[in-house]
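K.L.:
Sharing a structure, written as structure tokens. Questions coming.
The values are calculated or read from the model by the stated rules, or taken from the named source; none is laboratory data. Since the structure is predicted, the reported quantities are computational estimates derived from the model, not experimental observations. Reconstructed Cβ throughout: ideal geometry from the backbone, glycine too, with neighbour counts over all protein chains shown.
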């Protein structure tokens, strides 16, 4: 048995690399109309993260740091803003939106989306919402003082608070 495993590891390294390791959340990022002015800053943050290899560090309550892994992100998609807002306060709408995320298919996202990151302006704050495609997960919310949008650590922490707990959906 050991020889078979060694043979598979040596001859098929991708077998080990891919099995059960989907590579992070597949996330769609869509601002509410009120936050359009911040869209380019949030998009740049994600481009720097994925393209520049900058990690998103999440500090937990004990002060320990973990890394949020985004496998892929999409910024030029649209969803009904009314449905997104309703999903934040209504369970039926949340379930509808989660189903849309899960059932979305394209060449770039063949297994749908794991999560939606959306955000809006409320007073002096940018409010981030995370919605998982997993129906067992509630919507999550985090506030960022709008002047802190230029601070990568503060922005990353807000994103972590709404996305880090979500499972990666992996449909074989």
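K.L.:
Does residue 44 count as part of a helix (DSSP H, G or I), surrounded by fewer than 16 Cβ atoms within 10 Å (Cβ to Cβ) and modelled with pLDDT under 95? First the steps, then the outcome.
P.N.:
Working: part of a helix (DSSP H, G or I): yes; surrounded by fewer than 16 Cβ atoms within 10 Å (Cβ to Cβ): yes; modelled with pLDDT under 95: yes.
So residue 44 fits the description; yes.
K.L.:
State yes or no: is residue 117 more than 15 Å from the chain's Cα centre (by Cα) and buried (at least 19 other Cβ atoms within 10 Å of the Cβ)? Steps first, please.
P.N.:
Numbers: more than 15 Å from the chain's Cα centre (by Cα): no; buried (at least 19 other Cβ atoms within 10 Å of the Cβ): yes.
Taking the combined requirement at face value, the residue does not satisfy it.
K.L.:
In segment 85-97, what residues are part of a loop (DSSP other than H, G, I, E, B), surrounded by 12 or more Cβ atoms within 10 Å (Cβ to Cβ) and without any contact (Cβ under 8 Å) to a residue 40 or more places away in the chain?
P.N.:
Filtering segment 85-97 for residues part of a loop (DSSP other than H, G, I, E, B) gives 88-90.
Those left that are additionally surrounded by 12 or more Cβ atoms within 10 Å (Cβ to Cβ): 88, 90.
Across segment 85-97, the qualifying residue is only 90.
To keep it simple, each residue is scored yes or no on (1) in a strand (DSSP E or B); (2) under 26 Å from residue 97 (Cα atoms); (3) at pLDDT below 80; (4) out of contact with any helix residue (DSSP H, G or I) (no Cβ under 9 Å at 6 or more places or on another chain).
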residue	(1), (2), (3), (4)
16	no, no, yes, no
26	yes, yes, no, yes
29	yes, yes, no, no
61	no, no, yes, yes
72	yes, yes, no, no
83	no, yes, no, no
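K.L.:
On to the next question. Within segment 135-156, count every residue that is more than 12 Å from residue 45 (Cα to Cα) and either part of a helix (DSSP H, G or I) or at pLDDT below 90 (or both). Before the answer, list the steps.
P.N.:
Residues of segment 135-156 more than 12 Å from residue 45 (Cα to Cα): 135-148.
When the remaining residues are screened for being either part of a helix (DSSP H, G or I) or at pLDDT below 90 (or both), the result is 146-148.
Total satisfying the criteria: 3.
K.L.:
Being farther than 20 Å from residue 54 by Cα and free of Cβ contacts under 8 Å to residues at least 40 places away in the same chain is the filter here; which residues of segment 145-164 pass it? Before the answer, list the steps.
P.N.:
Start the filter on segment 145-164 by keeping residues that are farther than 20 Å from residue 54 by Cα, which leaves 145-147.
Passing the criteria: 145, 147.
K.L.:
Scan segment 103-114 for residues that are assigned to a helix (DSSP H, G or I) and either in contact with a helix residue (DSSP H, G or I) (Cβ under 8 Å, 6 or more places away or on another chain) or crowded, with 18+ Cβ neighbours inside 10 Å (or both) and jot them down. Show your work before the answer.
P.N.:
If we filter segment 103-114 for residues that are assigned to a helix (DSSP H, G or I), which is where we start, we get 103.
Passing the criteria: none in range.
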